[in-house]
């Protein structure tokens, strides 16, 4: 009997001056579509360390966690399979925005004028906005 388990990812939300930082995905799924920066948690890594690492790898920014926004576990949220994500609100500590790792582009978008987003990232951003008020 084979036991299937969901995989765990992290997503980072950086909101600055009514804008949210997004990456253009370099790989499938959703290649060339916009998304929150994030990725898979590595073995022996905390989710908190993972989100800070993923943000740095994809955007070049060093960040601090402000708070957790939520856990998103709908088994259909990711076409690769059952993937649970923990989403964090972060603030920029230092660094210059550069696209790296799985991102072909990185930029800020106005919260009310962001492009069509991958996965359930629009829900996550809306939850972050509600949590900031």
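Where a number appears in this text, it was derived from the coordinates with a stated rule and is not lab data. Since the structure is predicted, the reported quantities are computational estimates derived from the model, not experimental observations. No Cβ is skipped: glycine too gets one built from the backbone with ideal geometry, and neighbour counts run over all protein chains shown.
Residues checked against (1) within 20 Å of residue 118 (Cα to Cα); (2) assigned to a loop (DSSP other than H, G, I, E, B); (3) touching a helix residue (DSSP H, G or I) at 6+ places or on another chain (Cβ under 6 Å):
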position: 9; (1), (2), (3): yes, no, no
position: 44; (1), (2), (3): no, yes, no
position: 53; (1), (2), (3): no, no, no
position: 70; (1), (2), (3): yes, no, yes
position: 76; (1), (2), (3): yes, yes, no
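If we keep just the residues of the range 81-100 that are without any contact (Cβ under 8 Å) to a residue 60 or more places away in the chain and touching a strand residue (DSSP E or B) at 6+ places or on another chain (Cβ under 8 Å), which is surrounded by the fewest Cβ atoms within 10 Å (Cβ to Cβ)?
The residue in question is 94.
Inspect the range 83-97 for any residue being under 14 Å from residue 39 (Cα atoms), out of contact with any helix residue (DSSP H, G or I) (no Cβ under 7 Å at 6 or more places or on another chain) and assigned to a loop (DSSP other than H, G, I, E, B) and give the result as yes or no. Before you say what the answer is, go through the steps one by one.
Filtering the range 83-97 for residues under 14 Å from residue 39 (Cα atoms) gives 83-88.
Of the ones still in play, those that are also out of contact with any helix residue (DSSP H, G or I) (no Cβ under 7 Å at 6 or more places or on another chain) are 83-85.
Add one more test, that the residue is assigned to a loop (DSSP other than H, G, I, E, B), and what stays is none.
No, that holds for no residue.
Only one of 19, 48 is on the phi < 0 side of the Ramachandran plot, touching a strand residue (DSSP E or B) at 6+ places or on another chain (Cβ under 7 Å) and surrounded by 15 or more Cβ atoms within 10 Å (Cβ to Cβ). Can you tell me which?
Within the list 19, 48, the selection yields 19.
Within the range 98-126, which residues are assigned to a helix (DSSP H, G or I) and closer than 17 Å to residue 19 by Cβ?
111, 112, 113, 121, 122, 124, 125, 126
Among (1) crowded, with 19+ Cβ neighbours inside 10 Å; (2) in contact with a helix residue (DSSP H, G or I) (Cβ under 6 Å, 6 or more places away or on another chain); (3) outside any strand (DSSP E or B), where does residue 58 come up short?
(2)
For residues that are without any contact (Cβ under 8 Å) to a residue 60 or more places away in the chain and more than 20 Å from residue 114 (Cα to Cα), scanning just the range 22-42, find the one that is surrounded by the fewest Cβ atoms within 10 Å (Cβ to Cβ). Show your work before the answer.
Start the filter on the range 22-42 by keeping residues that are without any contact (Cβ under 8 Å) to a residue 60 or more places away in the chain, which leaves 28, 31, 38, 40-42.
Going one step further and asking which of them are more than 20 Å from residue 114 (Cα to Cα), we end up with 28, 40-42.
Values: 28: 10, 40: 14, 41: 22, 42: 12.
Once the filter is applied, the top-ranked residue is 28.
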